[in-house]
Every structure is written in C-alpha cells, then in structure tokens.
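Structure record follows, encoded as structure tokens.
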Amino acid sequence: MTSGASAAASGAAGANPDGPRSLLDEALALRVARLVTPRRRTAPDEVAALRAEVDADLPRIDEAARRWTQLGGDLPPVSIRVVGRTGWVRANLAAIRGTFEPLRERLEKRPGAEKVLAAQVGGLFGLLSVKVLGQYILPLGGPGGGQLVLVGPNVLDLADRHGSLATDIRRAIVLHEVTHWLQFGATPWLGDHLRTLVDRYLQEARTQHLPLAELAPRIPELVEEIRRTGSIQPLLGAVLTPAQLEVLEEAQGLMSLLEGHGNAAMYSAAPADLIADPEGVREALARRHGDVTSKVLSAIAGLEMKRRQYREGETFVREVIARGGMDALNRAFTAPDHLPVATEVADPQGWLARVQAA
C-alpha cells in the first residue's frame with residue numbers, strides 16, 4: 001500500500017509549531033534517500049501523457065472497485081497524483097511524521113540516535129522508491145496520509161519491460177490502491193485502529209538490544225526454521241517482546257485482509273475492456289516481486305511478510321466470498337473486533353463462524 005503530500009523538506013522539516021519537534025529529521029532522511037535513488041531522465045511530454053491516461057482511466061477504475069467491493073458508495077470521486085521518486089519519498093516522510101513518538105524518551109537518551117533513525121528511514125525509502133508503482137499512503141497521522149500516488153518513472157519503465165501489457169499492469173495497480181482507499185474511507189475507525197497498533201508495537205519495543213549471548217545458542221535452530229518455512233517469523237519471535245508479538249498477530253491479520261482484498265479486486269473487479277489480461281498481470285507482478293532487488297528489500301524491510309499477506313490474504317478473501325458472499329467479507333469492516341487475526345487468515349470458516357455469532 002503506498003499517496004503523498006507535497007510538503008518540501010526544509011532545515012526544520014517535520015517540526016510541529018504547536019508541539020514537540022519531530023523525532024524524524026526529514027531533511028536528513030531526504031538527503032540520504034537521494035543518495036541511494038537512481039535518477040531516471042523523464043521527458044515532460046512523457047509525464048503529461050501518463051497523467052492524461054491515468055486521469056482518463058480513473059473514473060472507470062473507481063466505479064469497478066466500488067461495484068466489486070460494495071464499499072464507499074457515498075464517498076466522493078477518488079483522485080490520484082503522479083509523482084517522481086523523490087516526491088514519493090517526501091510524501092511518505094511527511095505521512096509518518098509523529099509515528100516514532102513512542103520512542104522519544106529512549107531515543108533522546110542516546111546521542112546520535114535520531115540521526116541514525118533518519119538515515120535508516122531515508123535509505124530504506126530511497127531503495128523502495130525504485131520499486132513502488134502505486135501506493136495508498138497509510139493514514140498514520142502525518143500530512144498527506146490517505147492519498148493515492150503513482151510513481152511516474154517506475155510506471156513508465158513498465159512499457160520497456162512488458163510492452164502492451166504495461167497498460168493492464170498500470171490499471172491493475174491503480175485498482176488495487178483504490179480498493180485500499182475505499183477500505184479506509186468507508187471505515188472511519190480503521191485509520192485510528194492502525195495507528196493504535198503501531199503505537200502499541202513501538203511502546204513495547206525492547207529498551208536494549210537482546211544480548212548476543214542469549215540469542216547465540218538459538219541461531220542454528222532459527223536458521224534451520226527460516227530455511228524450512230521460508231519465513232523470517234522465527235527470528236522475529238526471538239528478538240521481539242511478547243507484547244510486540246501479540247500486536248504483530250493483530251497487525252498481520254489486518255494487513256493480510258487489506259492486501260488480500262486489494263489483490264482479489266485487482267484480478268476480479270475490472271471488466272475485460274479495462275484489464276484484458278489479468279493473469280498476465282499476475283505473472284508479471286510475481287516476477288517483479290521475485291527479482292534480486294526485491295529479495296534484498298525483503299531482508300531489510302520485512303517485505304517477505306508482505307508477499308505472504310498478498311498471497312494468503314487473497315486466499316482468505318476469496319474463500320470467505322465463496323462461502324458467504326461480499327456481505328460476509330464486509331463484516332470485517334464493521335468493527336475492530338471483526339478483523340481477522342493472523343491465525344484466522346488460514347481459517348476463513350473459523351473467522352466467519354466467530355463474526356456471525358457476534
């Protein structure tokens with residue numbers, strides 16, 4: 001999920017005149033991001049043509065998403081911005097402003113920790129800016145959350161790699177992100193719920209790193225488990241606190257629902273004259289997710305779990321719809337207690353039984 005604000009990062013970027021200064025030095029983060037982000041020379045007429053195509057497609061995509069999801073019938077028409085890679089980084093830095101507040105006391109006690117945080121976030125966003133095609137920027141409290149963006153240079157690169165399929169891929173990506181926009185727009189409490197999960201996760205973080213002597217004896221066992229399952233979950237279980245693992249269980253269930261819902265819409269909601277080859281799109285995106293760069297990003301950003309969320313969440317969504325229709329699935333968006341937790345994503349019937357009995 002990934003839209004953005006146009007606020008420029010200045011020397012006081014992230015400062016809040018009505019409250020404490022931001023823990024995240026957005027100007028430093030943006031400088032680091034620029035260092036790791038390859039430039040793509042894009043002609044103005046290319047960008048103008050892309051914007052015109054996106055604007056022409058958007059009403060039909062919006063209509064298809066609302067019809068299939070049965071969400072957001074009373075929301076205004078959706079809008080989307082085409083941005084560059086630096087614009088995408090800037091938008092996301094603004095959107096997460098304030099997210100790290102639960103860590104303030106601990107970071108302020110460690111000289112240089114805030115600079116390290118800015119460098120880490122900037123470097124990560126710089127790397128991701130080359131991969132992201134479209135994004136619904138999560139409403140995490142900073143300005144610009146809740147918007148939709150396409151990263152123009154990355155979308156334009158699709159034509160070089162996929163030829164005529166590039167149009168289908170672009171429309172499918174927009175459909176996926178519009179579905180996220182509908183999820184949050186039609187469910188007023190969902191943004192607050194997500195922010196609460198993030199706050200709880202950070203508040204429960206360890207105050208110190210896990211001692212190596214405590215972790216070392218378990219490393220062979222953890223490595224074997226990671227190889228066997230193809231998941232970094234065993235390592236997370238070793239380094240996260242019990243309270244964080246509890247939050248992670250809730251967050252994984254929520255993100256599996258949201259991403260699976262978006263993926264199911266991407267491949268099922270559009271008529272054939274809008275997305276002619278959904279299976280071709282699926283294959284192209286699977287190859288994109290499986291390349292070397294994505295695997296590196298998986299290791300440093302936890303995107304390996306995100307791939308699982310897409311796959312397992314889509315299976316959950318399709319099975320719930322098959323058993324009870326869209327009304328049954330949309331029960332998930334009626335109350336926080338109706339959201340599936342991670343274990344229920346693998347048990348759609350169990351989740352259905354629970355929410356139907358509520």
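The values are calculated or read from the model by the stated rules, or taken from the named source; none is laboratory data. On a predicted model such as this, the values are computed, not experimentally measured, just so you know. With ideal geometry, Cβ positions are generated from the backbone for all residues, glycine too; neighbour counts draw on all protein chains shown.
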### Summary
Residue count, segment 108-154, condition more than 16 Å from residue 84 (Cα to Cα) and aromatic (Phe, Trp, Tyr), comes to 0
### Query
residue 176 is checked against (1) assigned to a helix (DSSP H, G or I); (2) touching a Leu at 6+ places or on another chain (Cβ under 8 Å); (3) crowded, with 22+ Cβ neighbours inside 10 Å and fails just one. What number does that condition carry?
(2)
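Yes or no: segment 253-266 includes at least one residue that is assigned to a loop (DSSP other than H, G, I, E, B), within 30 Å of residue 160 (Cα to Cα), touching a helix residue (DSSP H, G or I) at 6+ places or on another chain (Cβ under 7 Å) and at pLDDT 95 or above. Reasoning before the result, please.
In the first step, residues of segment 253-266 are kept if they are assigned to a loop (DSSP other than H, G, I, E, B); the result is none.
Scanning segment 253-266, I find no residue that is assigned to a loop (DSSP other than H, G, I, E, B), within 30 Å of residue 160 (Cα to Cα), touching a helix residue (DSSP H, G or I) at 6+ places or on another chain (Cβ under 7 Å) and at pLDDT 95 or above, so the answer is no.
Can you tell me which residue is nearest to the chain's Cα centre (by Cα) among those in segment 346-358 that are modelled with pLDDT under 95 and assigned to a helix (DSSP H, G or I)?
Here is the first cut: in segment 346-358, the ones modelled with pLDDT under 95 are 346, 356-358.
Checking the rest, the ones that are also assigned to a helix (DSSP H, G or I) come to 356-357.
Details: 356: 29, 357: 31 Å.
In this case the residue turns out to be 356.
Taking segment 331-353 as the search range and keeping residues that are charged (D, E, K, R) and crowded, with 16+ Cβ neighbours inside 10 Å, which one is nearest to residue 192 (Cα to Cα)? Don't jump to the end; show me each part of the working.
Of segment 331-353, the ones charged (D, E, K, R) are 331, 337, 344, 347.
Those still in the list that are crowded, with 16+ Cβ neighbours inside 10 Å too: 331, 344.
Values: 331: 18, 344: 22 Å.
Among residues in segment 331-353 that are charged (D, E, K, R) and crowded, with 16+ Cβ neighbours inside 10 Å, the one nearest to residue 192 (Cα to Cα) is 331.
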### Task
Determine whether segment 113-129 contains at least one residue that is polar (S, T, N, Q) and part of a loop (DSSP other than H, G, I, E, B).
yes
### Candidates 144, 126, 152, 185 - the one that is at positive phi and out of contact with any His (no Cβ under 9 Å at 6 or more places or on another chain)
144
### Message
Can you tell me which condition residue 132 does not meet? The list is (1) surrounded by 24 or more Cβ atoms within 10 Å (Cβ to Cβ); (2) in contact with a strand residue (DSSP E or B) (Cβ under 6 Å, 6 or more places away or on another chain), and all the others hold.
### Response
(1)
### Residues (surrounded by 11 or more Cβ atoms within 10 Å (Cβ to Cβ) and in a helix (DSSP H, G or I)) located in segment 95-112
95, 101, 102, 103, 104, 106, 107, 108
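Kindly indicate whether residue 112 is within 28 Å of residue 184 (Cα to Cα) and small (Gly, Ala, Ser). Let's see the steps before the verdict.
Values: within 28 Å of residue 184 (Cα to Cα): no; small (Gly, Ala, Ser): yes.
Taking the combined requirement at face value, the residue does not satisfy it.
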### Filter result (under 20 Å from residue 329 (Cα atoms), assigned to a helix (DSSP H, G or I) and either more than 20 Å from the chain's Cα centre (by Cα) or not small (Gly, Ala, Ser) (or both)) within segment 56-79
62, 63, 64, 66, 67, 68, 69
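Mind telling me which of the residues 306, 295 ends up being surrounded by fewer than 16 Cβ atoms within 10 Å (Cβ to Cβ), at pLDDT below 95 and of a type in the set (D, E, K, R)? Walk me through how you get there before you give the answer.
Working: 306 fails: surrounded by fewer than 16 Cβ atoms within 10 Å (Cβ to Cβ).
Just one listed residue meets the conditions, 295.
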